[in-house]
Amino acid sequence: MAVSEAGIYWLQTDPAEGFNTLWHLSDQGPVRLGPEGLSIRSRVNGYGGGALAASGHGVFVVGDDQQIRFITLGAGACTRLTDDPDAAFGGLVADTTRKRVLAVREADGQQQLVAISPDGELRVLHCGLDFYSAPAVSADGGEVAWTSWQLPDMPWVSSLLWTASLDEDGSLYQCRSWPTPAEASVQQPLFDGNRLWVLSDHAGWWQPWSLNTTVDEGQWHSCESPDLDHANAPWQLGESHHCPLGKGAWARVRYCNGTGELWLVPSLGDEGMRIARDFSDFRYLRASGGYFYCIARSATRLDTVLEIDPKTGQERIMAGGEEPMPGLRVSLPLDIEVPAFNHGEQPIHGFLYTPRLATSELPPLILVAHGGPTSAAYPVFNPQVQYWCQRGFAVAEVNYRGSSGFGRAFRLALEGRWGEVDVEDMEQAADHLASFGLVDGQRVFVQGRSSGGYTALMAMIRSQKFAAGASMFGVTDPLRLRAITHRFESGYLDWLLGPPDTYPERWRERTPLYHADRIAAPMIFFQGGQDKVVVPEQTRAMIDAMKAAGRAPELHWFEQEGHGFRHQANQAGMLEWMFSFYRKHSRKANERAENLS
């Protein structure tokens, strides 16, 4: 989402084609902007973000070809500003003082902070750091701030805040970094007037801090916020979970046990007021014209563009927010808290969705491991979860150790222990739900996508309690993935498992490919033929290894899909095949239980 005095802009995904299209809120309601066939998506760092930025008379966007265009509001004319075929752009921010756009440019294994003028001239503002975040520009155009991080770190492990001044022609001077009081991940810098704010977790949580840059080493000032994460892991550029509203007031997101809460904070140190309680996640907070806007998500609505009056806290739906399943009751998320695997540690949280199909028996359970793995499950509408609930399954999404939204210590607990603590927590969740008589402990299935597929596979290897498992483009050979993974994640696997030269036995122990013979229960696999993240060979090799061990894995191949299936027909087909698979093995699990009784 982006806002300016010219209006509000956002992206919508066409589910049939997987295109991201640009929309604008006009006096007549939402209207689509830009030429037919233009899909908007940044691919910087592989995950993109910041693909649009609004100015006073239009919007800058990154097309699927990774080039920047400018779309005027009135005529809707689309002008290509860059012709840089070997580069990708993202993290767009309008520099309204100079009528240009700032961006992160990625090319030849390097990144730069750049500015592009309306006539397409590209100027490098800063280079030499491994990675750059989306920048922030002060209202008077005199200051700029950004965060950076260096290999092998990920941005949620360790990053630095940078500032610089801008001269009249827009060049940077007095560039410097600002160390935090303790090691930290910093993100989302922004200016309130000329006061610089950033979210830093040096005190244990991603909390808002202001920085006084007039002192040599800088003075960090807390705003006395609660001990909760005020953002999630920065996989994408351009995220915004806090927003100044003028006269010291703020809108801020807090994550409490996995649920996003939106708070209005009138002044520094004020407790504030929680608003928009019908929604459970909030992104892209932006202020304009006396209101602020965001993309809000809910368990009972489709994604929503919200306008909120900061004086009253009243919200108004501007676009989206439709009822997702007309005529059907949605299964609502129930908070679950699972005792820690090791006594005294932080408990595990997640969300349980109960089946809408009433029967006299306990329902089978599908345990879902989210991807990332440094990510999280949120209590928002997910059509795939609802698909299962409408067919008699319970679904539990688990925020295992390593998930974001639960503080720095919890997030970093996965260091060197991927395939161990996440699996322990998934097992613990299944046992916990069965012990309370909420699900049938004999019919528990485990599934996941990408890194979640790895967790599902390791769960199938380490435990005999799962009736079957499903891997959707899951990692099967971390060492081979390490050799070909993209630059952004090139140090991630070493952090998750430890350097392979130092811990060769650990890598072998936690490579599903080497333990295919230990998977005794049935497995189903789904893979895209164009996947550049978890390449198809990962799934092919696992299928071959399981067959060599005398197993009979089920494989469904989607030649034109990449990492994450974007075409609606393929998403539906995957669910139908999985339903048939789970239904068959749910019956078999029942038969086994009856034979044992």
Members of the range 156-168 that are open to solvent by 60 Å² or more (accessible area, probe 1.4 Å) and in contact (Cβ under 8 Å) with a residue 12 or more places away in the chain: L160
Going by what's in this entry, would W205 be described as under 18 Å from the mean Cα position of the chain (by Cα), part of a loop (DSSP other than H, G, I, E, B) and closer than 22 Å to E271 by Cα? yes
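Does G258 qualify as being touching a strand residue (DSSP E or B) at 6+ places or on another chain (Cβ under 6 Å), on the phi > 0 side of the Ramachandran plot and open to solvent by less than 10 Å² (accessible area, probe 1.4 Å)?
Numbers: touching a strand residue (DSSP E or B) at 6+ places or on another chain (Cβ under 6 Å): yes; on the phi > 0 side of the Ramachandran plot: yes; open to solvent by less than 10 Å² (accessible area, probe 1.4 Å): yes.
Against the criterion (touching a strand residue (DSSP E or B) at 6+ places or on another chain (Cβ under 6 Å), on the phi > 0 side of the Ramachandran plot and open to solvent by less than 10 Å² (accessible area, probe 1.4 Å)), G258 qualifies.
Tell me, which residue of the range 176-199 that is among the hydroxyl-bearing types (S, T, Y) and in contact with a Ser or Thr (Cβ under 7 Å, 6 or more places away or on another chain) is farthest from L151 (Cα to Cα)? Talk me through it step by step, then tell me what you get.
From the range 176-199, those among the hydroxyl-bearing types (S, T, Y) are 177, 180, 185; that's our starting set.
Still in the list and also in contact with a Ser or Thr (Cβ under 7 Å, 6 or more places away or on another chain): 180, 185.
Values: T180: 19, S185: 14 Å.
Among residues in the range 176-199 that are among the hydroxyl-bearing types (S, T, Y) and in contact with a Ser or Thr (Cβ under 7 Å, 6 or more places away or on another chain), the one farthest from L151 (Cα to Cα) is T180.
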Across the range 551-577, what is the total count of residues that are hydrophobic (A, V, I, L, M, F, W, C), open to solvent by less than 50 Å² (accessible area, probe 1.4 Å), in contact with a strand residue (DSSP E or B) (Cβ under 6 Å, 6 or more places away or on another chain) and in a helix (DSSP H, G or I)? 1
Output the qualifying pairs, or none if there are none: Cβ atoms under 6 angstrom, residues six or more apart or on different chains, first residue in the range 355-373 and on the phi < 0 side of the Ramachandran plot and open to solvent by 30 Å² or more (accessible area, probe 1.4 Å), second residue in a loop (DSSP other than H, G, I, E, B) and not acidic (D, E). P355/P363; P355/G392; P355/F393; R356/R329; R356/S331; R356/Q390; L357/G392; L362/V439
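May I ask you to say which residue of F393, F351, F406 is closer than 25 Å to R297 by Cα, out of contact with any Pro (no Cβ under 8 Å at 6 or more places or on another chain), open to solvent by less than 20 Å² (accessible area, probe 1.4 Å) and touching a residue at least 40 places away in the same chain (Cβ under 8 Å)?
Exactly one of F393, F351, F406 is closer than 25 Å to R297 by Cα, out of contact with any Pro (no Cβ under 8 Å at 6 or more places or on another chain), open to solvent by less than 20 Å² (accessible area, probe 1.4 Å) and touching a residue at least 40 places away in the same chain (Cβ under 8 Å), namely F406.
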Considering every residue within the range 237-247, establish whether at least one is surrounded by fewer than 22 Cβ atoms within 10 Å (Cβ to Cβ) and either modelled with pLDDT under 95 or of a type in the set (K, R) (or both). yes
Looking only at residues in the range 99-114 that are farther than 15 Å from A51 by Cβ and among the small types (G, A, S), which one is least open to solvent (accessible area, probe 1.4 Å)? A107
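Give the range 50-74 a look and list any residue that's of a type outside the set (D, E, K, R) and outside any strand (DSSP E or B), or say none. Please lay out each step first, then the result.
Within the range 50-74, the subset of a type outside the set (D, E, K, R) is 50-63, 66-68, 70-74.
Within the range 50-74, G50, A51, G56, H57, Q66, Q67, L73, G74 meet the criteria.
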If I ask for residues that are out of contact with any Gly (no Cβ under 8 Å at 6 or more places or on another chain), open to solvent by 20 Å² or more (accessible area, probe 1.4 Å) and not in a loop (DSSP other than H, G, I, E, B), which ones from the range 474-508 would you list? L479, R480, R482, A483, I484, D494, P504, E505, R508
Could you go through the range 56-77 and let me know if any residue there is at pLDDT 95 or above, over 21 Å from M1 (Cβ atoms) and not β-branched (V, I, T). yes
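I'd like the residue in the range 312-326 that is part of a strand (DSSP E or B) and hydrophobic (A, V, I, L, M, F, W, C) and, out of all such residues, is most open to solvent (accessible area, probe 1.4 Å). Spell out how you get there, then give the answer.
The initial filter retains those residues of the range 312-326 that are part of a strand (DSSP E or B), namely 315-320.
From what is left, the residues that are hydrophobic (A, V, I, L, M, F, W, C) are 317-319.
On the way: I317: 72, M318: 34, A319: 8 Å².
Step by step, filter the range 312-326, then rank; the result is I317.
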Go through (1) of a type in the set (D, E, K, R); (2) free of Cβ contacts under 8 Å to residues at least 60 places away in the same chain; (3) under 24 Å from W263 (Cβ atoms) one by one and return the number of the condition E323 breaks. (3)
Mind checking which residues of the range 294-311 are in a loop (DSSP other than H, G, I, E, B), open to solvent by less than 70 Å² (accessible area, probe 1.4 Å) and of a type outside the set (G, A, S)? T300, L302, D309, P310
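The values are calculated or read from the model by the stated rules, or taken from the named source; none is laboratory data. For clarity, every value in this text was computed on a predicted model and none was experimentally measured. Here Cβ is always computed from backbone atoms with ideal geometry, including for glycine, and neighbour counts include all displayed protein chains. The area values use the complete protein model at the heavy-atom level, side chains included, leaving out ligands, DNA and RNA. Shrake-Rupley method; radii C 1.70, N 1.55, O 1.52, S 1.80 Å.
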